[in-house]
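Please read the structure below before turning to the comments.
The values are calculated or read from the model by the stated rules, or taken from the named source; none is laboratory data. What you see is a predicted model; the values in this text were computed from it and never measured. Quick reminder, even Gly has a Cβ in these numbers, built from the backbone with ideal geometry, and neighbours come from all protein chains shown. SASA here: full protein model, heavy atoms, side chains in, ligands and nucleic acids out. Shrake-Rupley method; radii C 1.70, N 1.55, O 1.52, S 1.80 Å.
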Amino acid sequence: MKASVLEGPGRIALRTIADPAPREGEVLVRVTHTGVCGTDVKIFDGSIPVRLPLVMGHETVGEVVGGDIGSRVGRGTRVLIDPTLCCGRCFYCEKAQTYLCLDGALMGRDVDGGFAELVAAPAKNCHALPEAIDPAAAPLIQVLTTVHHAQTLARIGTGETVVILGLGVTGQLHVQSAKALGAIRVIAVSRNAAKRRLAEALGADVAVDHGADARRAVLDATRGLGADVVIEAVGRVPMLEEAIDLVRPAGRIVPYGIYAEREARFPFYQLYFKELAIVASRAAPARDFPASIALVREGAVRLDPLVSDRMPFTDLARALANMTGGGGRLKIILEH
Ligand SMILES: [Zn+2]
Ligand SMILES: [Zn+2]
């Protein structure tokens, strides 16, 4: 099969490699669409170390074509693949926190993933997609699972005021998910006017710039108290300072971004003084896949407006270069 193979930091080549051989319990999936993620960029440039050569890609949609076809997924089923692999026996697996498995792995980082014509995956990781969901946007559901997981851990509930800092792909999903979970007010924050307009179109009650505008919007909406929950979806530690400023005493902060900084300024005293809970999250448990698929099928979360580019999967190197270009780009979908 053809695959985009990472051969060294910054080096990707289209190669013909052996078809994956599904083991017991695994199915073979013919990949139709994948999403390119910021994590792929970090693997590509070497800031997340991996064993090489590697086929990246952890947002994968395709059609089951072979392998251990049983009761769970039949041949021809269109599926979204949960990329977190687990042992099924350890402390975390027994608690259904399979994504924290002590012997786990992420497809596309630790083992080969979806940037290829075919991929092998455990049948239990393959979630059937309803006809109504556009397969070209469906890789975004993997991202939605991580958003849904973070918001579930943060116990976002009915009647709450939620602030989303950063309105890239994950921020826009956080806006929609918070509304779906019953938040009465979602305040979306970004420097980018186009992204603010999109957030309002997707359900944010108001979208404002960082800094004084955000502060005023939050205090006005909460009788001067601050937000119940602030989700940091930019992935930069200085944003956590704004999050701590905007949250009310006894509120929750969700540092959803993946932080590369090793040192930063941080208002530690406010953790104590405002009695804040910091709710971090990583990946998502299996149960968030059917839950997220349902949110999209019901129309509570819209994915199509988040796809900004479509490219052939053979153009992965160009897609990764475009990712670092910044600007108004949202999700790049690769067509296989
Ligand atoms: Zn990702
Ligand atoms: Zn395990």
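To test your reading of the geometry: what angle, between 0 and 90 degrees and rounded to tens, separates the Cα axis of helix 140-153 from the longest principal axis of the chain?
Taking the Cα atoms of the chain, the angle to 140-153 is about 50 degrees.
Would you mind classifying region 149-265 by shape? Square roots of the alpha carbon gyration tensor eigenvalues, ordered a ≥ b ≥ c; an a/c under 1.5 is rounded, otherwise it is prolate if a/b is larger than b/c and oblate if not.
Values: a/c = 1.21, a/b = 1.15, b/c = 1.06.
Note, shape of region 149-265 comes out rounded.
Which whole-number value in Å² is the accessible area per residue of the chain, probe 1.4 Å? Don't skip to the answer; put the middle values down first.
Values: 14970 Å² over 336 residues.
Accessible area per residue, the chain: 45 Å².
Using alpha carbon centroids, what distance separates region 249-284 and region 150-186, in Å?
If we compute the Cα centre of each part, the gap is 16 Å.
Just want the answer: with Cβ charges of +1 for Lys and Arg and -1 for Asp and Glu, which residue in 46, 234, 312 is farthest toward the dipole's positive end in the chain?
Of the candidates, 234 comes out farthest on the positive side.
Show that you can apply the helix-only estimate: for the chain, add -39,500 (n - 2.57) for every DSSP H stretch of four or more residues, divide by all residues, and state [θ] at 222 nm to the nearest 500. Present the calculation step by step, with values, prior to reporting the outcome.
Values: 10 runs with 90 residues, N = 336.
That comes out to -7500 deg cm²/dmol.
Please give every one of the aspartates and glutamates within straight-line cross-link reach of residue 42, meaning a C-alpha to C-alpha distance under 18 Å, and leave out same-chain neighbours fewer than 8 residues apart.
By straight Cα distance, residue 42 reaches 7, 59, 110, 112, 261, 315.
Can you pull out the trypsin sites (Lys or Arg not before Pro) in region 132-239 that DSSP calls coil and that have at most 13 other Cβ atoms within 10 Å? List each step's numbers first, then the result.
Values: sites: 155, 179, 185, 191, 195, 196, 197, 215, 216, 223, 236; in loops: 155, 191, 223, 236.
Sites meeting the loop and neighbour criteria: 155, 191, 223.
Near residue 179, which lysines are there with a Cα under 20 Å away, not counting those fewer than 8 places off in the same chain?
Cα-Cα hits under 20 Å: 195.
Work out which GluC sites (Glu not before Pro) in the chain are exposed loop sites (DSSP not H, G, I, E or B, at most 14 other Cβ within 10 Å) and give the longest gap free of them.
Values: sites that count: 24, 131, 261, 263, 275, 298.
Longest gap between qualifying sites, sites excluded: 132-260.
Got a sec? What order do 47, 190 fall in by accessible area at 1.4 Å, biggest, i.e. largest, first?
Values: 47 75, 190 10 Å².
Most to least solvent-accessible, the answer reads 47, 190.
Could you compute Rg(Cα) / (2.2 N^0.38 Å) for the chain, with N its residue count?
Working: Rg = 19.9 Å, N = 336, 2.2 N^0.38 = 20.1 Å.
Its radius of gyration relative to the 2.2 N^0.38 Å reference: 0.99.
At R0 = 56 Å, how high is the FRET efficiency between residue 132 and residue 223 if r is their beta carbon distance? Nearest 0.05 is fine.
Numbers: r = 41 Å, r/R0 = 0.74.
For R0 = 56 Å, the calculated efficiency reads 0.85.
Summarise the accessible area of region 155-278 (1.4 Å probe, protein heavy atoms) by the percent that is carbon and sulfur. Intermediate values should be presented prior to the final figure.
Working: 3030 of 5830 Å².
C and S fraction of accessible area: 52 percent.
Taking the 0 to 90 degree range and rounding to the nearest ten, how far is the long axis of helix 212-221 tilted relative to the main principal axis of the chain, both from C-alpha atoms?
The two axes meet at around 80 degrees.
What distance in nm lies between label points placed 7 Å from Cα along the C-beta direction at residue 71 and residue 268?
Going by the 7 Å Cα→Cβ label model, 5.4 nm.
With labels modelled as points extended 7 Å from the Cα through the Cβ direction, what inter-label distance (nm, one decimal) is found for residue 308 paired with residue 24?
4.7
Would you please name the trypsin sites (Lys or Arg not before Pro) within region 78-127 that are DSSP coil residues with at most 14 other C-beta atoms within 10 Å of their C-beta?
Numbers: sites: 78, 89, 95, 109, 124; in loops: 89, 95, 109.
Here the sparse-neighbourhood loop sites are 89, 95.
Once you keep just the Cα pairs under 8 angstrom separated by 6 or more residues, what percentage relative contact order results for the chain? Show your work: numbers first, answer last.
On the way: 765 pairs, mean separation 60.4, N = 336.
Result for the chain is 18 percent.
Expressed as an acute angle from 0 to 90° and rounded to the nearest 10, what is the orientation of the C-alpha long axis of helix 288-297 relative to the principal long axis of the chain?
The angle comes out near 80 degrees.
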